[in-house]
1. Does the stretch 175-215 classify as rounded, prolate or oblate by the C-alpha gyration tensor (a ≥ b ≥ c root eigenvalues; a/c under 1.5 gives rounded; else a/b over b/c gives prolate, otherwise oblate)?
2. Note the angle between two axes, namely the Cα long axis of helix 107-120 and the longest principal axis of the Cα atoms of the chain, as a number of degrees from 0 to 90, rounded to the nearest 10.
3. Identify all lysines with a Cα-Cα distance to K95 below 18 Å; exclude those on the same chain that are fewer than 8 residues away in sequence.
4. Please give the per residue accessible area of the chain, computed with a probe of 1.4 Å over protein heavy atoms only, in Å².
5. What is the helix-to-structure angle for 84-93, meaning the angle in degrees between its Cα long axis and the longest Cα principal axis of the chain, kept from 0 to 90 and rounded to the nearest 10?
6. Which one, N163, N177, N130, has the greatest fluctuation when you compute a Gaussian network model over the chain with C-alpha springs under 10 angstrom?
7. Just for the chain, what percent of DSSP beta bridges are antiparallel, to the closest 5?
8. Under a straight-distance cross-link criterion of Cα-Cα below 18 Å, which lysines are reachable from K173, leaving out those fewer than 8 residues away in the same chain?
Amino acid sequence: MEEILKRYPLLKDQNVPRETFIEFESFISMLKKKNEEINIISKKTAKNNLIRERHIIDCAQIIEFVDLNNPIVTDIGSGGGMPGIIISIMSKNLKKSAKLHLYEKSHHKSVFLRNVSRELKLNTKIIQQNIFEARNLESGTIMARAFKPLPIVLDLVYKNFKNYKNLILFMGKNGENILVETLKNWEFDFEKKKSITSDDSFLLNIKNIKKKMGN
């Protein structure tokens, strides 16, 4: 167990139960195995230590922004389960009852997500659907990672969700410029947090999305 804990030094300040890390390692094994059949993550990052830092820890750092006391948390483009599966593992081990809704339009990835959820006994609902075709959605926290550009995600949440609490996005090295441009057409409250896995990336926690007049 101590050996596994040493693999996650960046999460030492997070309130993460020890069992969480064992399930992270199980997920890594399942992800690597499936990645040999279908392209879930880049082959270049499909080594244990890279998966751990670039995907698992990167996703786990948003936990402080996720409202796990709300009945529903939504991952709007889950892919291989990042961040939906990661947050679901953390929620389970924190003894929270939130149900993670994972939207993924790919049949093969949806099957993978269901298998992982079953194996790890996660409280998820895998929805094989294009999120852009869903309407009148309700959620607490909404999450998106490596999904669509900021303005498109804002438009999606604004149009397709009738209720939500907050939106968490991962922003890359051009994130500051994108944010400035986006604020010309959109209004929203936000807080930024520097990423713990990348010097030129940050997280956005967004609330109260509104279109500016004339847009």
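The values are calculated or read from the model by the stated rules, or taken from the named source; none is laboratory data. Everything quoted here is computed from the prediction, not taken from an experiment. When we count neighbours, we look across all protein chains shown, and the Cβ atoms used for this are built from the backbone with ideal geometry, even at glycine. For the accessible areas, the whole protein counts, side chains as well, though only heavy atoms, and no ligand, DNA or RNA atoms are used. Shrake-Rupley method; radii C 1.70, N 1.55, O 1.52, S 1.80 Å.
1. Values: a/c = 5.12, a/b = 2.01, b/c = 2.55.
It comes out oblate by the Cα gyration axes.
2. Rounded to the nearest ten degrees, it is 50.
3. Within the straight-line limit of under 18 Å, K95 reaches these lysines: K121, K125.
4. In whole numbers, the chain has 51 Å² accessible per residue.
5. 60
6. Looking only at N163, N177, N130, the largest GNM fluctuation is found for N177.
7. Working: 13 of 29 bridges.
If I count the DSSP bridges inside the chain, around 45 percent turn out antiparallel.
8. K148, K192, K193, K194
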